[in-house]
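The block underneath contains the structure these notes are about, expressed in structure tokens.
Here, each number is a calculation from the coordinates, and none is a lab measurement. This is a predicted model, so every value here is computed, not measured. Neighbour counts are summed over all protein chains in view; Cβ atoms, including those assigned to glycine, are modelled from backbone coordinates with ideal geometry.
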Amino acid sequence: MSKTTHYPSYDVMSHAEHWDDHTQHIVTSRLIREKSYSFLTTVEAEILRAWCSKLVGDMRGEIIQYVLCHIDQTLSDGRGEGQRKPDVAPAPELIRKGLKAIDATCQSLHAKHFFELEDYMQQGLMKDISEGSAEPASIWASVPQQDLFKKLLNYTLEAYYSHPTVWSEIGYAGPAYPRGYIRARAGQWDAWEARLENES
Amino acid sequence: MNRKYANEEVDVVIVGAGAAGGVLAKELSESGMSVVVLDAGPMWDPQHDFASDELSMQRLGWEETRLVDGRDPLTMGHNNSGRGIGGGTTHFTGVFLRFHDADFRARTLDGVADDWPIGYDDLAPYYDKIEKEIAVSGPKHFPWGNFHGPYLYPERDPLSPNAYVFQKGCEALGIRHVVAPLAILSAPFEDRPPCINRGFCNQGCMPNAKFSTLIVHIPKAMRAGAEVLPNCMVTQVMTDKHGRASGVTFVHEGKEYVQKARLVILSAYVVETPRLLLNSANGRYPSGLANSSGWVGRGFMTHSSHDVYAKFAEEVRLYKGTPVLATTQDFYETMPDAGFVRGYTLHAHGARPLAFVKGIANSQTGLLWGEKLRQTALDYNFYGRVTMVGEVLPHPDNRITLADEKDDLGLPRAKVTFSFGENDRRLIDHAVVKMGQILEAAGGKVEFVVPDTAHLMGGCRMGANPDESVVNSYGQTHDIPNLFICDASIFVTSGAGNPTNTVMALAARTADYIRKQAAQLFSLSEKPIHV
């Protein structure tokens, strides 16, 4: 059986009262499910729900919902991308066209949406796209597959690993202001840090 | 917009309130000049705008899209350029190193790149001044380069768990190491507290223990009378009928304004400074301002900054403490028989979860995602990391140009074309091996090598010959005597250590020059310029 967490009883949110108000507000808001999307259509959101779950190996609804909301907000608020290759479309266009291509591929091969496919089929298509080898060419000619894959991976990871539930699982002690760290040597822990629990 | 100098010609307008712009604004306004500072981004309030959170603080980087091209397209934004008052100093690690004498003499010593028109001794008094001004903490003895300490403030203590791992590895291999010199307080200074090892230097320091021009130089400049205007994107440097710089145009909340000035200084960093010069082309200067040599935008450099992650049997906890607390420069200068010239600095470098996961997902061995990534990330606390700051040699084809695509203001976006050279690659390979050895000597097993870059330098290089450089050693453009460039774009080589100290020392030197030459600079005759 694959491992889950070294810190099963650790909950970083139980320390939230010690964080500054601004950080508390930002992190706490990640626990609230938003209901409407500004950019994503329903089908796009459902493709992404399956896709992003697979990207992070986690099916938990509330966390993936936060990932979707983060992607939706990033694509709709007009911010820049930092960098983009000249032959790649801006992120909103790249992802819209990419999701359309994913759907068209699944429809042409299986007459189903991506989120209706068996696990192994989803996994297989994702692997192909990550390697830039998805077919048919008629669907993928205008979508740079690896750029699409990496963009979605990046958005997904930055949201997923900003979720406090995931912080707790990896034993990340989270925000540290106004308090900081004092005990820094090997085998030393400050009071609010996670402690190893399930070592056999 | 409530203005102090609207419709007035000021002595100096400075574009960009980052590491260099902050120093210039303070120095020049304190010497009695009327100064306006324009910055494209907001005025941050550390206690209310910053947070202990990686995701939300990505906005401290310049997120506006740049087009990246070449064999090794760069990651921009948070990786190198800042946005808002304070620029990159709001989100740098605070590592505060001096360049070595050898950094100014690459051509003489190694037959590569070019020599700077100045040497270490020209900058030494300005390094002293800047380090004193911000109370740099560091070791009593620094073993490498020209400056051996002691630093004004004692070295930091305690260090981070990852720094102790690094020390252990270096000790086992006989590599000299020190606690990193940092622009982070180890004891109270002025009205600021010492560091509490919170660890979020890259996300903006909330306690104000880490220096930034946002909290140090800009407030001093404002107290001395400088007008600092956030959210003002400069769109053009204007020239008068004689070809001299006469001010700038800028956009604030969709409306265009003009700021007239007797002296224009661009401190907008390695991408935006050349972009602005090129976007300011006019009938008299059809290929952009200060570009008679054709060198505007050319020869820019980054630092190679590969990270090596090793897994340990015991927890390390990379999230704890100031990211960089232990350092070696044992491999800084050309090593005989190494198969490449120049060198690198190695740092123990902490990482919060996003930096860790984004790194290992894109390591040299390929994309990591799905269940395998999740399983690996569950062991986040068991990883240690070392990072490199490697010298990258300049090449004229690594350049900033204007793209066909336009931004929201209708200005052509910057295109950033970059490829590593053969020497750069060999240097990286050497450093990666060395980093792995240090981690393994400390008891770890190397699992991920993550290609990365950091810092940008060059693109408007200084030089004595106007045919092959853009500015003289004071940042004064060869073509237009009242147009200055003062930021990392005037670097000739990239050196092998974090550049912020050098950027600020150069700014202090330029400010000194402008102060001494003021009478002459401000009374420039109305004669046309011959370019």
Can you compute the charge dipole magnitude of region B:278-433 about its Cα centre, using +1 on each Lys and Arg Cβ and -1 on each Asp and Glu Cβ, nothing else charged? Give it in debye, rounded to the nearest 20.
380
Leaving out same-chain residues fewer than 8 places away, which aspartates and glutamates sit with a Cα under 20 Å from that of B:Lys140?
B:Asp128, B:Glu131, B:Glu155, B:Asp157, B:Glu171, B:Asp330
Reach of A:Lys100 by Cα under 19 Å, taken over lysines that are not fewer than 8 positions away in the same chain
A:Lys54, A:Lys112, A:Lys127, A:Lys150, A:Lys151
³J(HN,Hα) across region B:246-254 via Karplus (A = 6.51, B = -1.76, C = 1.60, θ = phi - 60°), whole Hz, x for Gly/Pro?
10, x, 9, 9, 8, 10, 10, 6, x
Express in whole angstrom the spacing between the alpha-carbon centres of region B:145-163 and region B:307-384.
21
Enumerate the lysines that B:Lys415 could reach by cross-link, defined here as Cα to Cα under 19 Å, with residues fewer than 8 away along the same chain left out.
A:Lys85, B:Lys406
Gain in length, B:Glu422 to B:Asp101, computed as 0.36 nm per residue apart minus the alpha-carbon separation, to one decimal in nm?
113.2 nm
Could you let me know the centre-to-centre spacing of region B:404-457 and region B:233-260, using Cα atoms, in angstrom?
36
Given a Förster distance of 56 Å, report the FRET efficiency between B:Ala313 and B:Lys241 from their Cβ-Cβ distance, rounded to the nearest 0.05.
0.15
Residue farthest toward the positive end of the dipole of chain B, with Cβ of Lys/Arg at +1 and Asp/Glu at -1: which of B:Val264, B:Gly204, B:Leu368?
B:Gly204
Cβ-Cβ FRET estimate between B:Thr108 and A:Ser76, R0 fixed at 51 Å, reported to 0.05
0.40
Amide H of B:Ala326 versus every other amide H placed in the peptide plane: which residues, excluding those fewer than 5 positions away on the same chain, fall under 5 Å?
B:Ala180, B:Ala348
Intensity falloff of chain A expressed as log10 I(q)/I(0), Debye formula with alpha-carbon point scatterers, at q = 0.07, 0.09, 0.10 Å⁻¹:
-0.27, -0.43, -0.52
Cleavage-rule hits, trypsin sites (Lys or Arg not before Pro), region B:42-98, DSSP coil, Cβ neighbours within 10 Å at most 15:
B:Arg71
Which whole-Hz ³J(HN,Hα) couplings does region A:114-122 yield from phi under the Karplus relation 6.51 cos²θ - 1.76 cosθ + 1.60, θ = phi - 60°, glycine and proline marked x?
3, 6, 9, 6, 5, 3, 5, 5, 4
Filter the cross-link list B:Lys132/B:Lys311; A:Lys97/B:Lys434; B:Lys210/B:Lys311 down to pairs whose alpha-carbon distance in this structure exceeds 32 Å.
B:Lys132/B:Lys311; A:Lys97/B:Lys434
For the residues B:Ile400, A:Ile95, what sequence is obtained by ranking on other C-beta atoms within 10 Å, fewest first?
A:Ile95, B:Ile400
Signed unit charges on C-beta, dipole axis of region B:332-486, positive-most listed residue B:Phe356, B:Val386, B:Gly410:
B:Phe356
Near the amide H of B:Asp72, under 5 Å away, which other amide H atoms are found, from residues 5 or more places off or on another chain, if H is placed in the peptide plane?
B:Phe418, B:Ser419, B:Phe420
Calculate how large, on average over all directions, the projected area of the Cα convex hull of region A:38-101 is; give the answer in nm² to one decimal.
4.8
Given Cβ point charges of +1 (Lys, Arg) and -1 (Asp, Glu) and nothing else, what value in debye, to the nearest 20, does the dipole of region B:1-78 about its Cα centre take?
80
Here region B:468-482 yields Karplus 3J(HN,Hα) values (6.51, -1.76, 1.60; θ = phi - 60°; whole Hz; Gly and Pro given as x) of 10, 8, 9, 10, 7, 5, 9, x, 7, 5, 4, 7, 10, x, 9
Can you give me the Cα centroid spacing of region B:1-60 and region A:28-55 in angstrom?
38
If amide hydrogens are placed 1.01 Å from N in the peptide plane, which non-local residues have theirs closer than 5 Å to the one on B:Val10?
B:Lys260, B:Ala261, B:Arg262
Going fewest to most other Cβ atoms within 10 Å around each Cβ, A:Glu17, A:Glu193 line up as A:Glu17, A:Glu193
Modelled label reach - B:Lys406, point 7 Å along Cα→Cβ, region B:269-286 residues with backbone N closer than 11 Å
none
Write out the GluC sites (Glu not before Pro) in region B:201-286 meeting two conditions: DSSP loop, and at most 11 other Cβ atoms within 10 Å of their Cβ.
B:Glu253
Kindly provide the helix-only [θ] at 222 nm of chain B, computed as the sum of -39,500 (n - 2.57) over DSSP H runs of four or more divided by all residues, to the nearest 500 deg cm²/dmol?
-7000 deg cm²/dmol
Cut-off is 10 Å between beta-carbons; in what order do B:Arg317, A:Arg60 appear when sorted fewest neighbours first?
A:Arg60, B:Arg317
Förster radius 60 Å - calculated FRET efficiency between B:Lys255 and A:Thr4, Cβ distance, rounded to 0.05:
0.60
Which value, in debye to the nearest 20, describes the size of the charge dipole of region B:226-361 about its Cα centre when Lys and Arg Cβ atoms bear +1, Asp and Glu Cβ atoms bear -1, and nothing else is charged?
500
Averaged across the residues of B:435-442, what count of C-beta atoms belonging to other chains lies within 10 Å of each residue's C-beta?
0
